[in-house]
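For reference, the structure discussed in these notes is given below.
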Amino acid sequence: MASPTARTALVLEGSVSIAAVVGGLLLVVAGARYGLSSPTGIGPGTFPAAAGVLMTLSGVLQLPGLARQRAELGAVAVGPATVHAKLRGSGTDDDAAAVVGAEDVLPDRQGLIRVVVVVVSTLAAAVLLNSLGFIIVVGLYLAVVLKVVGHRTWLRSALVGFLVAFVIGEGFSRLLDVALPQSPFPFLQQFGI
């Protein structure tokens, strides 16, 4: 019998996969509502719809592996020693059916902090996008993610974040003719931010 933490890890992974499928389908519907084409070419709903298709596909492709892991969890009990022996390559053929325990799958404290920061940053970006503008919000979002997840300096994270946000913003507005939220600050508006 598998440990309760291994089962919890499997339930969490399954929940994320199902959320990806549901969220992806919602993105496809939202993209279709915006319109997939326009008189000038690609419509404003094309990118969300494409992202939704990819998100749904990734969630669906994850489900068979999770079902297989669930079946293996019921058959094999795994301890840390077995997992480490298998990872080092010194395990026996009996270890071939071993499933990695949750203590090796779930993130440590720093990993959980990174996950929370990314989730909170994503929610904050979604809330602030229309009021602060695309380039400011996406630049700050990318800077925070690069700092926390990528362990870069604040200066490097901010430079890369705002550069990428500016390039993406210009690509959407100039190449795809998609109007993105602008900054409410007149000083920044004169630069197209």
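Rule-based calculations on the coordinates, nothing more; no lab input. These figures come from a predicted structure and were not determined experimentally. Please note: Cβ atoms are built from the backbone with ideal geometry, for glycine as well, and neighbour counts cover all protein chains shown.
If I stretch the segment between Val11 and Thr153 completely, what's the gain in nm (0.36 nm per residue apart, minus their alpha carbon distance), one decimal?
Answer, rounded to one decimal: 47.6 nm.
Modelling each spin label as a point 7 Å along the Cα-to-Cβ direction, I'd like the Leu54/Arg174 distance in nm, to one decimal.
The answer from the label model is 2.2 nm.
Simple spin-label model, 7 Å along Cα-to-Cβ: Leu188 to Ala67 in nm?
The two pseudo-label positions are separated by 4.7 nm.
How many Å³ per residue does the convex hull of the Cα positions in the stretch 18-66 occupy?
Numbers: hull volume 2.1 nm³, N = 49.
Spread over its residues, the Cα hull of the stretch 18-66 gives 43 Å³ apiece.
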